[in-house]
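Asks: Quick one: the structure is below, questions incoming.
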Amino acid sequence: MTEKSLAQVLKDAITAKLYDVHVCLPARVETYDHSLQKADVKPLLKKRYKSTGETELPVVTSVPVQWPAAASKTAYLHLPLKTGDIGMLIFCERSIDAWLSGTGQVVVPADPRHHNLSDGIFIPGLQPFGAPLENTRADNAIFQNGQMRVELDPDGKISISGATEEFLSIVDSMLDHLIGARVLGGMGGTPFLQTTIDNFTNDRARLATIKRV
């Protein structure tokens, strides 16, 4: 057997150590606690060992889930995260146990570990190319929750739709009916006062400036 040089020994030692440095991995939600915004997640890439071959990484428990939030948490986006949802699991460079048990203040890491599996943060939304998000548009922002869909055009138009109906189309139809409606009176059916019709017509024109066609 050829004896390894010192340089090769050092290189192998560094390589072996780097195998235990975790940076980020795609992962799947196993359970989610929405009250604390934490999840148990399963890494979706295997690890390979020279002696034992490939093996799956264990489920990482009590992982904080990152949601967009600002303005001292008065503005935020929280989605109905479910078992089976996929995202990215990223790993902090130091232990975050002490920080997670607090309220966001500066803390001293409670453990000397680095880039450890137990210090992950889960960011939902990562999708493989074989199963991308459906019904998207290149230039529009879309919020979809089950059958409810809100779509924003870059020119300021909006669409709010359920399973079968579009909300602003219903409002537009109502205004159209009101403009043509007739009121029962002593002389029979008469239209609204012209000022009322003009107001309805103006409202319909304003609606058209934001209604996505």
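The values are calculated or read from the model by the stated rules, or taken from the named source; none is laboratory data. Nothing here was measured: the structure is a model prediction, and the numbers come from that model. Because the Cβ atoms are built from the backbone with ideal geometry, glycine has one as well, and the counts that use them run over all protein chains shown. These accessible areas exclude ligands, DNA and RNA; they are computed on the full protein's heavy atoms, side chains included. Shrake-Rupley method; radii C 1.70, N 1.55, O 1.52, S 1.80 Å.
Asks: Restricting the search to the stretch 25-80, which residues are of a type in the set (Asp, Glu) and modelled with pLDDT under 95?
Replies: Of everything in the stretch 25-80, those that are of a type in the set (Asp, Glu) and modelled with pLDDT under 95 turn out to be Glu54, Glu56.
Asks: Something else: Quick check: anything in the stretch 17-34 more than 19 Å from Leu79 (Cα to Cα), of a type in the set (D, E, K, R) and open to solvent by 70 Å² or more (accessible area, probe 1.4 Å)?
Replies: Yes; the residues of the stretch 17-34 include at least one that is more than 19 Å from Leu79 (Cα to Cα), of a type in the set (D, E, K, R) and open to solvent by 70 Å² or more (accessible area, probe 1.4 Å).
Asks: Could you check the stretch 176-200 and list, in sequence order, the residues that are surrounded by 12 or more Cβ atoms within 10 Å (Cβ to Cβ) and either among the β-branched types (Val, Ile, Thr) or part of a loop (DSSP other than H, G, I, E, B) (or both)?
Replies: We begin by selecting, within the stretch 176-200, every residue surrounded by 12 or more Cβ atoms within 10 Å (Cβ to Cβ); these are 176, 178-179, 181, 191-192, 196-200.
Those that are surrounded by 12 or more Cβ atoms within 10 Å (Cβ to Cβ) and either among the β-branched types (Val, Ile, Thr) or part of a loop (DSSP other than H, G, I, E, B) (or both): Ile179, Ala181, Phe192, Thr196, Ile197.
Asks: Which residue out of Ser173, Ser159 is hydroxyl-bearing (Ser, Thr, Tyr) and assigned to a strand (DSSP E or B)? Steps first, answer last, please.
Replies: Details: Ser173 fails: assigned to a strand (DSSP E or B).
Within the list Ser173, Ser159, the selection yields Ser159.
Asks: Please count how many residues of the stretch 96-107 are open to solvent by 70 Å² or more (accessible area, probe 1.4 Å) and either over 23 Å from Ser35 (Cβ atoms) or among the small types (Gly, Ala, Ser) (or both).
Replies: Filtering the stretch 96-107 for residues open to solvent by 70 Å² or more (accessible area, probe 1.4 Å) gives 97, 99-101, 103, 105-106.
Next, only the ones that are either over 23 Å from Ser35 (Cβ atoms) or among the small types (Gly, Ala, Ser) (or both) stay: 101, 106.
Of the residues in the stretch 96-107, 2 are open to solvent by 70 Å² or more (accessible area, probe 1.4 Å) and either over 23 Å from Ser35 (Cβ atoms) or among the small types (Gly, Ala, Ser) (or both).
Asks: A further question follows. On the basis of being surrounded by fewer than 17 Cβ atoms within 10 Å (Cβ to Cβ), assigned to a helix (DSSP H, G or I) and at pLDDT below 90, does Asp12 make the cut?
Replies: yes
Asks: Working only within the stretch 161-213, note down all residues that are of a type in the set (Lys, Arg) and under 44 Å from the mean Cα position of the chain (by Cα).
Replies: Arg204, Arg206, Lys211, Arg212
Asks: Also: Taking Asp20, is it farther than 21 Å from Ser118 by Cβ and at pLDDT below 95?
Replies: no
Asks: On to the next question. Filter the stretch 72-95 down to the residues that are at positive phi and open to solvent by less than 70 Å² (accessible area, probe 1.4 Å) and list them by number.
Replies: Gly84
Asks: Being free of Cβ contacts under 8 Å to residues at least 40 places away in the same chain and either in contact with a Lys or Arg (Cβ under 7 Å, 6 or more places away or on another chain) or exposed (fewer than 11 other Cβ atoms within 10 Å of the Cβ) (or both) is the requirement here; does Ala69 meet it?
Replies: Considered against the rule, which asks whether it is free of Cβ contacts under 8 Å to residues at least 40 places away in the same chain and either in contact with a Lys or Arg (Cβ under 7 Å, 6 or more places away or on another chain) or exposed (fewer than 11 other Cβ atoms within 10 Å of the Cβ) (or both), Ala69 comes out as no.
Asks: Identify the single condition in (1) open to solvent by 90 Å² or more (accessible area, probe 1.4 Å); (2) outside any loop (DSSP other than H, G, I, E, B) that Thr2 does not satisfy, given that it satisfies every other one.
Replies: Condition (2) is where Thr2 drops out.
Asks: Separate question: Determine which single condition Val21 fails, assuming it passes every other condition in (1) more than 21 Å from Asn145 (Cβ to Cβ); (2) without any contact (Cβ under 8 Å) to a residue 40 or more places away in the chain.
Replies: In the conditions (1) more than 21 Å from Asn145 (Cβ to Cβ); (2) without any contact (Cβ under 8 Å) to a residue 40 or more places away in the chain, Val21 misses (2) alone.
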